[in-house]
Amino acid sequence: MDNREPEVATDAPLIQQPRTPMGFPSPAAVNGLMRNMILTAEFGIQRGIPGYRRSNRYSGETVLHDGALEAKIDEIFMGPDHWGYVLSVENKLDTTQKINPASFRMDGTEAVTAQRWELSPRAVTDEQRIAAAHRAKVYVVTKAKRR
């Protein structure tokens with residue numbers, strides 16, 4: 001039987017994240033920025049993210065190409081505390097492939113999420129191209145780069 005005391009206090013108060021008037025996480029928090037990037041990229045919401053400057057300067061630039069996966073920058077959201085990257089990832093193999101989140105780790109990475117973690121084989125037919133199951137969006141939130 002293990003009688004040791006826990007190393008982490010179990011009765012520590014929870015940290016309250018800032019919230020918007022609608023009750024959603026604030027874009028100032030990592031989960032709020034991630035939510036807003038997904039809404040912008042996948043649902044086409046164009047109003048921008050409050051407190052963040054949107055940059056398309058590096059759109060289309062390849063950040064990963066290892067022969068199996070190719071990742072290109074779609075957009076970058078720059079804020080005072082966090083930067084958010086929206087990447088388009090495509091499977092280049094003829095077999096199903098799982099995305100490894102560690103492949104998208106950058107200096108100061110705080111969170112990585114994806115539209116889907118498993119990509120279908122490279123599209124061959126028109127139906128497969130339209131379904132686009134061989135592509136996905138990957139979202140990365142990092143600490144802001146200081147100049």
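The values are calculated or read from the model by the stated rules, or taken from the named source; none is laboratory data. Since the model is a prediction, treat every value here as computed from it, not as a measurement. Here the Cβ positions follow ideal geometry from the backbone for every residue, glycine too, while neighbour counts run over all protein chains shown. With ligands, DNA and RNA removed, areas are computed over all heavy atoms of the protein, side chains included. Shrake-Rupley method; radii C 1.70, N 1.55, O 1.52, S 1.80 Å.
Computed from the Cβ-Cβ distance with R0 of 41 Å, the FRET efficiency linking ALA133 to PHE24 stands at 0.90. Partners of LYS143 within straight-line reach, counting lysines whose Cα lies under 24 Å from its Cα and excluding those fewer than 8 residues away in the same chain: LYS72. Taking 7 Å steps out from each Cα toward its Cβ at ARG122 and ARG105 produces label points 2.9 nm apart. Net charge near VAL63, counting Lys/Arg +1 and Asp/Glu -1 over other residues with Cβ under 14 Å of its Cβ? Computed value for this residue: -3. Entry comment: accessible area of the range 61-147 is 56 Å² per residue, from protein heavy atoms only and a probe of 1.4 Å.
If you look at the Cα atoms of the range 22-121, you get an Rg and a Dmax of 14.2, 44 Å. Decide, for the range 83-147, between rounded, prolate and oblate: order the square roots of the alpha carbon gyration tensor eigenvalues as a ≥ b ≥ c, take rounded if a/c falls under 1.5, and otherwise choose prolate if a/b is larger than b/c, else oblate. Verdict is prolate for the range 83-147.
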